[in-house]
Amino acid sequence: MDNLDKRRIGIGVAVVASLVLLFFVGKWFIKQKATKKEQAKVEQTRQQAEKKAKQALVTLHSVCRYADSVGIDTTRFGTKAGLDQAETEEKLADLLLEIRYGKKPSRLEFSGLKEAVDSSWTQNVYEASKPTALVKLAPFGPYNQLVGHYSRLRKLARSNPALADSLRLIRQTLNFYRYVNRFDADRFVLVNIPAGELNVFGRAGERLLPMQVIAGKPDKRTPCMTTYVQDIVAYPYWNVPQNIALDEMLPRMKRNIAFIYNQNLQILNDKNQEIDPEEIDWDSLSTTNFPYRVRQASGCENSLGLLKFDLANPLAIYLHDTNSRDLFTQTADRWRSHGCVRVQKPVELANLILGSQTFDAAFMTKCLVDQKPRTLSIPKPFPVFIAYNIADVDATGKLRFYKDVYALDK
């Protein structure tokens, strides 16, 4: 092979080697470019996620400030290092739900109303977190008045630590009003035990029918509950609770059978048949041996008065008229019943719940004799809240602190 051929082969090998090298170098450059592009994309995604996480955090802090201003404990919604956008938004949604619906009050002994919590509006937490949206969550007048008092006292509390207890009591009531939002009622009855008051509220917080009530005495407490009026009974019987029949009535009946007639009582057997008191061997009876039920006949002297409002609950608690209406004017003691709630304006309350003027003012004075109980159906169940709010606003919007009659706040 001559030199020319060797040169040609060398050149060919060099060209091939160059092409191979160029191929791998090109491939490396392409890969590097793709890697840089992917890294740039990842960095952009990271920056966007970081920006959104910061936005979520800023929004959460802003809503926490608002929640704090309306008496919500926001320590449960604090953030920690490493919390991502989704976790922050979840906290934000939970906080928004509490702002709107509150927490279940700890003193409720019975919950008989079905909750209607709409969580769909928190799907866009940023839209729901706008100040204008937050304000719309609180259309109830007394709630907003109470928020105003809370804000005022918080400023004063900076120089007067003794106000801390008052603020705590206001927070409890603010939470109660938020909790009421879970039931979406156009109208509802609110009995506030410490105030000795009943109000029928409209959706915006207008007081449609305020009145006084007589609730349970301290050793016979009226329980807090959410329930509803099932029906209204005119000329009701009073089916005497067994503990009252045994502890209070039986000793008096044994001492003097005339007590039965004076109180217009009826003795019923296990078949619901009335028994002649003269035929009963009273000496053989005791608190552990009393095979009867005691009922008070209907009429003006009935302890339930002329109207009874049946409430759905297993505790035998209801609203009713009373045969001692003078108690509303002759004494300030509003806590003297066995647990049920005596109402000052039974006719007005019945007509409002029934949605018609079913009873006139003369109904309370006619007092017809030999009347049997008559049950009146209502258009739809009427919500009733029996609450224990020591701090509240009155009809004028003035802040009130009522006596802790059951000593529940100690």
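Each reported figure results from applying straightforward, stated rules to the coordinates on display, with no laboratory input. Here the structure is a predicted model, which means the values were calculated and not measured. Neighbour counts are summed over all protein chains in view; Cβ atoms, including those assigned to glycine, are modelled from backbone coordinates with ideal geometry.
Counting charges near Y402 (Lys, Arg +1; Asp, Glu -1) among other residues having Cβ under 12 Å from its Cβ returns a value of -2.
Give, as ranges by residue number, the residues of segment 252-288 whose backbone N falls under 16 Å from the point 7 Å along Cα→Cβ of Q242. Hits in segment 252-288 for Q242 at 16 Å: 268-272, 286-288.
The lysines within cross-link reach of K380, meaning a Cα-to-Cα straight distance under 18 Å and a gap of 8 or more places when in the same chain, are K114, K308. A crude spin-label estimate for the pair F23 and D333, with each label 7 Å from Cα along the Cβ direction, gives 10.8 nm.
Near K103, once Lys and Arg are set to +1 and Asp and Glu to -1 for all other residues with Cβ below 13 Å from its Cβ, the sum equals +3. Peptides 333-343, 188-198, 397-407, 275-285, ordered by how many other C-beta atoms sit within 10 Å of their residues on average, highest first, read 188-198, 333-343, 397-407, 275-285.
Residues D409, D321, arranged from fewest to most other Cβ atoms within 10 angstrom of their Cβ, appear as D409, D321.
How high is the FRET efficiency between T35 and E127 when r is their beta carbon distance and R₀ equals 51 Å, given to the nearest 0.05? Once the sixth-power term is evaluated, E becomes 0.85.
With pairing defined as another cysteine C-beta under 4.7 Å, the cysteines of the chain that fail it are C64, C224, C340. Taking a sphere under 15 Å around the Cβ of A157 and counting the other residues whose Cβ falls inside, with K and R at +1 and D and E at -1, yields a net charge of +4.
Note that segment 276-406, at 4 °C in a medium of 1.567 mPa s, gets a Stokes-Einstein diffusion coefficient of 72 µm²/s from its Kirkwood radius over C-alpha pairs. Sorting 97-104, 28-35, 152-159 by their mean Cβ neighbour count within 10 Å, with the most densely packed peptide first, gives 97-104, 152-159, 28-35. Placing a pseudo-label 7 Å from each Cα along the Cα-to-Cβ vector at E206 and D165 gives an inter-label distance of 3.9 nm. If you plug the beta carbon distance of V58 and K104 into 1/(1 + (r/R0)^6) with R0 = 30 Å, you get a FRET efficiency near 0.50.
Rounded to the nearest 10 degrees, the inclination of helix 3-69 to the longest alpha-carbon principal axis of the chain is 20 degrees. Given that just one value was derived from the coordinates, which of (i) 74, 25, 19; (ii) 36, 33, 19; (iii) 32, 28, 20 is semi-axes √(5λ) of the Cα gyration tensor in Å? So the structure-derived entry is (i).
Any chance you could give the angle, 0 to 90 degrees and rounded to 10, that helix 164-180 forms with the longest Cα principal axis of the chain? So the helix axis and the longest Cα principal axis differ by about 90 degrees.
Distance between the modelled labels on D276 and K380, one decimal in nanometres: 5.3 nm (7 Å Cα→Cβ projection).
Our summary gives the chain a relative contact order of 19 percent, counting only alpha carbon pairs under 8 angstrom and 6 or more residues apart.
Amide H contacts of Q230: D310, L311, A312, each under 5 Å away and 5 or more positions distant or on a separate chain (H built 1.01 Å from N in the peptide plane; Pro and chain starts excluded). Per residue of the chain, the DSSP helices (runs of n ≥ 4 H) give a summed -39500 (n - 2.57) that works out to -12000 deg cm²/dmol at 222 nm. Sequence-ordered 3J(HN,Hα) estimates for segment 210-218 from the Karplus curve with 6.51, -1.76 and 1.60 and θ = phi - 60° stand at x, 6, 7, 9, 10, 9, x, 6, x Hz, glycine and proline given as x.
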